[in-house]
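This report concerns only the one structure given below.
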Amino acid sequence: GGSQTLAGLAGSGLVTTGTVTVTGRLTPGDTNTVAGVLSVGGNLTLAAGATNAFDTVAGVADSVSVAGTLTLQGANTVELTLNGQPPPAQMTLFTFSKLAGEGYLTAWTVQSAGLGPYATSVKRVGDSIVLNVFRNGTLLRVQ
């Protein structure tokens with residue numbers, strides 16, 4: 001039920017009640033062969049400048065489930081590992097009961113080898129933060 005500040009948090013499983021603040025690197029999941037879920041039974045705070053590292057496997061990304069409030073304290077980086085596969089069009093990165101600091105999502109950046117021909121956006125959809133990936137280019141409609 002207390003508070004803990006960590007430079008890094010990694011793995012699958014459950015972090016029980018309380019508030020966890022990550023100042024450096026958040027890495028849900030255990031391997032790059034199976035998408036994993038890191039569950040936080042209380043609140044999670046992501047400090048400004050934190051890196052959130054997600055693997056994608058067979059079209060599914062690692063994710064973080066927050067039972068309480070997810071608090072964003074500034075711009076973060078999403079580091080995406082594609083494992084030699086094309087990126088899924090949409091990945092749910094975080095789910096939560098409440099979100100604080102939503103305005104910072106517009107300043108989040110996405111890094112990944114293999115995303116050259118793609119554009120990305122990180123946004124809130126309902127009680128989730130999702131990463132959308134779409135092809136760069138121009139769409140023409142001829143009738």
Take A61 and decide whether it is farther than 17 Å from T21 by Cβ, open to solvent by less than 40 Å² (accessible area, probe 1.4 Å) and free of Cβ contacts under 8 Å to residues at least 24 places away in the same chain. no
Among the residues listed as L131, L115, L99, the single one being open to solvent by less than 30 Å² (accessible area, probe 1.4 Å) and closer than 17 Å to T51 by Cα: L131
Looking at segment 1-58, which of its residues are open to solvent by less than 40 Å² (accessible area, probe 1.4 Å) and among the acidic types (D, E)? D55
From (1) in a strand (DSSP E or B); (2) touching a Pro at 6+ places or on another chain (Cβ under 9 Å); (3) not hydrophobic (A, V, I, L, M, F, W, C), pick out the condition that doesn't hold for G114. (1)
Considering residues of segment 68-86 that are open to solvent by 20 Å² or more (accessible area, probe 1.4 Å) and in contact (Cβ under 8 Å) with a residue 40 or more places away in the chain only, the residue nearest to the chain's Cα centre (by Cα): T81
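The values are calculated or read from the model by the stated rules, or taken from the named source; none is laboratory data. None of these values were measured; they are calculated from a predicted model. All Cβ positions, glycine included, derive from the backbone under ideal geometry; neighbour counts span all protein chains shown. Only protein heavy atoms, including side chains, enter the accessible area calculation; ligands, DNA and RNA are left aside. Shrake-Rupley method; radii C 1.70, N 1.55, O 1.52, S 1.80 Å.
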